[in-house]
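Chemist: Handing you this structure, nothing more for now.
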Amino acid sequence: MNLLLSQIRSRAGLAVGSALLSACASVGPGPAVTAGPAKGTAVATPNLGLFSSIKAPSDREPVLKLAARGVQVFRCEKRDGQGVWVFRQPDAELLDATGKVVGRHGANFSFEHVDGSRLVATIVAHEDAPKASDLRWLLMTTRSFGKGAFDGVTHVQRINTNGGMPPASCDAAHAGRVLRVDFTSDFLFYTLRATPAQ
């Protein structure tokens, strides 16, 4: 009888252990295995402070957040009798929340998504970053082209910058040379706020 009870308990323990292992295996990363946040999912509005000049208009809402990783391109030119590093263009990859490359950020502050949609942006406001060695934070207005993640985007913010600033000056030996300075940042993409349901 004791042997029979022992076998039943042993089998019950194995069944419970198996069920627990099965439950753990079924709790996967969920949405994290997808392509990352798609347009239309909840994206938090950044806390920029009461008097920030780079806030998006109140009738806009963020619908997409991508990270940028790349360089800012500068060229050594003579201005007012001295050599300075003049900004030429950004050159960066755009990554989703999983770290997957989903687009590029380049000349004329353009944004190109792998789905074929793209933006051309114009800077309308800026603020100094918390550190002088980091790129300014920006608000841009955009024109969108093509259907996809960037369709309907009207504003873009560049925030959380790290790096990207050139030296203050360059000498005659560097005249005409190009400098590529590493940077990272976050970009938030805004569309017209959805009308609340009546």
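The values are calculated or read from the model by the stated rules, or taken from the named source; none is laboratory data. Note that the coordinates shown come from a computational prediction; the quantities given were computed from them, not determined experimentally. Here Cβ is always computed from backbone atoms with ideal geometry, including for glycine, and neighbour counts include all displayed protein chains. These accessible areas exclude ligands, DNA and RNA; they are computed on the full protein's heavy atoms, side chains included. Shrake-Rupley method; radii C 1.70, N 1.55, O 1.52, S 1.80 Å.
Chemist: Can you name the residue in segment 41-67 that is closer than 21 Å to L94 by Cα and outside any loop (DSSP other than H, G, I, E, B) and, of all such residues, is farthest from the chain's Cα centre (by Cα)?
Modeler: E61
Chemist: Also, I was wondering about something else. In this structure, does A92 turn out to be open to solvent by less than 20 Å² (accessible area, probe 1.4 Å), within 30 Å of G176 (Cα to Cα) and outside any strand (DSSP E or B)?
Modeler: Here the answer is no, as A92 does not meet what is asked.
Chemist: Still on this structure, please answer the following. Only one of these conditions is not met by N160: (1) of a type outside the set (S, T, Y); (2) outside any loop (DSSP other than H, G, I, E, B); (3) on the phi < 0 side of the Ramachandran plot; (4) within 15 Å of the chain's Cα centre (by Cα). Which number is it?
Modeler: Tallying (1) of a type outside the set (S, T, Y); (2) outside any loop (DSSP other than H, G, I, E, B); (3) on the phi < 0 side of the Ramachandran plot; (4) within 15 Å of the chain's Cα centre (by Cα), N160 fails exactly one: (3).
Chemist: Report, ordered by the first and then the second residue, all pairs with beta carbons closer than 6 Å, sequence separation of six or more or different chains, a first member in segment 150-176 that is open to solvent by 20 Å² or more (accessible area, probe 1.4 Å), and a second member that is assigned to a loop (DSSP other than H, G, I, E, B) and among the polar types (S, T, N, Q).
Modeler: D151/S117; M165/S133
Chemist: Report, ordered by the first and then the second residue, all pairs with beta carbons closer than 8 Å, sequence separation of six or more or different chains, a first member in segment 33-59 that is under 20 Å from S117 (Cα atoms) and modelled with pLDDT under 90, and a second member that is in a loop (DSSP other than H, G, I, E, B) and open to solvent by 80 Å² or more (accessible area, probe 1.4 Å).
Modeler: Close Cβ pairs satisfying both conditions: A35/K100; G36/A97; G36/K100; P37/A97.
Chemist: Would you say T122 is among the hydroxyl-bearing types (S, T, Y), touching a Gly at 6+ places or on another chain (Cβ under 9 Å) and open to solvent by 60 Å² or more (accessible area, probe 1.4 Å)? Spell out how you get there, then give the answer.
Modeler: Details: among the hydroxyl-bearing types (S, T, Y): yes; touching a Gly at 6+ places or on another chain (Cβ under 9 Å): no; open to solvent by 60 Å² or more (accessible area, probe 1.4 Å): yes.
No: the conditions fail for T122.
Chemist: Please give the number of the condition H126 fails out of (1) assigned to a loop (DSSP other than H, G, I, E, B); (2) within 22 Å of V84 (Cα to Cα); (3) in contact (Cβ under 8 Å) with a residue 40 or more places away in the chain.
Modeler: (1)
Chemist: Examine segment 69-77 for a residue that is more than 18 Å from the chain's Cα centre (by Cα), surrounded by fewer than 17 Cβ atoms within 10 Å (Cβ to Cβ), at pLDDT 85 or above and of a type in the set (A, V, I, L, M), and state whether such a residue exists.
Modeler: No; the residues of segment 69-77 include none that is more than 18 Å from the chain's Cα centre (by Cα), surrounded by fewer than 17 Cβ atoms within 10 Å (Cβ to Cβ), at pLDDT 85 or above and of a type in the set (A, V, I, L, M).
Chemist: Then there's this: Regarding segment 130-145, can at least one residue be identified that is assigned to a strand (DSSP E or B) and among the aromatic types (F, W, Y)?
Modeler: Checked against the condition, which is being assigned to a strand (DSSP E or B) and among the aromatic types (F, W, Y), segment 130-145 yields at least one hit.
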